[in-house]
Each structure stands twice: as C-alpha cells, then as structure tokens.
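Just so you know, all these numbers are worked out from the coordinates, no wet-lab data involved. Keep in mind that this is a model prediction, so the values were computed, not measured. Reconstructed Cβ throughout: ideal geometry from the backbone, glycine too, with neighbour counts over all protein chains shown.
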Amino acid sequence: MQIDRRGLILSLISGFSIACQFCGQAAVAFPKRERRHSSDSDIGGASLTEGCASTEDGVVFFGAAGDNSNRPGVFASSGNPFWDHALGQEVNRSLKPIFGLNPDFCYFDDSTGGNAFATPERLIGNGQGTVALGMRLFNELIGKFLGSSSISIGDHAAVAVLAHEFGHVAQFNIGLPELPVQPRELHADYLSGWYMATRARQLMGFQQVNVMEAAQEMFDIGSFDFTNPSWHGTPQQRLVCFLSGVRSELMIKDVQSAFDSGRKFLGI
C-alpha cells in the first residue's frame, strides 16, 4: 500500500487528526504492553529497527537498522570543518540553552546503519551525558534532502534528530516513570517539534526553519513492526507527536512545561 507522504504531512499540519491508514487506530494511540525492566532489554546483538532503542547501559539510538552490539567509537570532529562549526553552533548556542542542559556532543561511526544516540554517560567530556550523531546518518540526510529546499539541505532534519536526542537527555535528567520504548520515543519526538518551533520563533518565522523537512524525516522513520519490542510507532504517530510539539510552542516557552505537556499529550 502506497502512502502519499507529502499529502499526509500537509493534512496533519492543517488538522492534527488522523487515523492509521492500516489499522484505523487513533494516530497517537499505542497498544498497552507489559513494561520491561532494564535487565530485560534486548542488549548485546540486538538489531535496531526504525528509531531508538534503549539498552541496559542507558544508550538510546535513533535511525535505521544497524547492529550496535558494541559501544560505538566516538569522535570530536566529523572531519568536515564546515559542518563541525555549523552543528557545533546549533548545539552550543541553541540546543543547550533552550533545553537548559549541557550534554557533550560528538560524532560516531555508524557505518553499519545510520543512527544517533543519547546516553547519560560521559563519553568525551564532563557534560550531562552525551549526544552523538552518526556520520553515515548525517550524510544520508544530506543526500536525501539536497535540492528539495532553498533554506536547507538535510541539515534541518539533522537538527530535529539532535533535538530528539536532547529530549532523551531531558528524560534522563528530569525523569520519566518506567515506560516501554514507544512512549519514550514519541515523547522525544514531541520535544523535538517543540524545539524546532522555538527556533523558528527565534529566527522570526518558519521561512527560516524547514519544519517540513524535519516532519518528513519523522514520518519516514516510523514503521508497522508492531510485534518488535523496540517498535517506536507508526509514521503517523511519530509525525503527529512531532507536529503537536511544534504547535505546543504557541503556548509553551520553557522546557519543563514542554516536557510536562508532552507527557500529558501522550498520557504518560
């Protein structure tokens, strides 16, 4: 079954109400499942699929399938001075102040499958945990969106990914009740949307921030792998949570309120 992705995204932006085209469930409803303790996590040789997955040591991954059975090597530089500067500026001047958090930022070799991750551990410095962007994932985003917009080339989707990971750092520091994977991921999607809208307000309008690009990426990483313990939501669910975060910025200006609003939205 083919999905008109752009049409669906535009309908969600205008209406924010849609049912899953496959099962008819409300877009943000997720099935109740038995909660799993950290000791029950799929660690070691687990293959990650479409999104993040928690591991026993607290690492949270984002992206396409890949075997991350060993802790990935991390690097202070991507090897590209331009992107090091641009993303470093976004992290240090915007993500950290807006989220009120100070995790270290780095890159890592995700050659087995595009990913990004957040962890409460300090991998390269003395910050509040670590946020890492995979170099393959970033290159894939550039290749995917290059030429599709006059204001971005995939970098805005990458920023939305980083905001999602900062959302996990907020979860580590502010705290969430013990939850399955999916509601944690949708909550981070909500915070990513809130951040992108906050940046748009700072830059005096959405003509400077390509929310459509970010929304497209959020939709694309959804899946229908309902039986996978690491399943994170349908394309519609992930998109609705992201766009609801975008809309929340009209009323919410601080991260604690955004965090609580996301919890209320998801009922967690």
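With just the Cα atoms defining each centre, how far is region 165-192 from region 228-268? Give it in Å.
With region 165-192 and region 228-268 each reduced to a Cα centre, they are spaced 9 Å.
Mean separation of Cα pairs under 8 Å and 6+ residues apart, divided by the residue count of region 49-266: what relative contact order is that in percent?
20
Give me the dipole magnitude in Debye, nearest 20, for region 49-266 about the Cα centre, with unit charges on the beta carbon: positive for Lys and Arg, negative for Asp and Glu.
660
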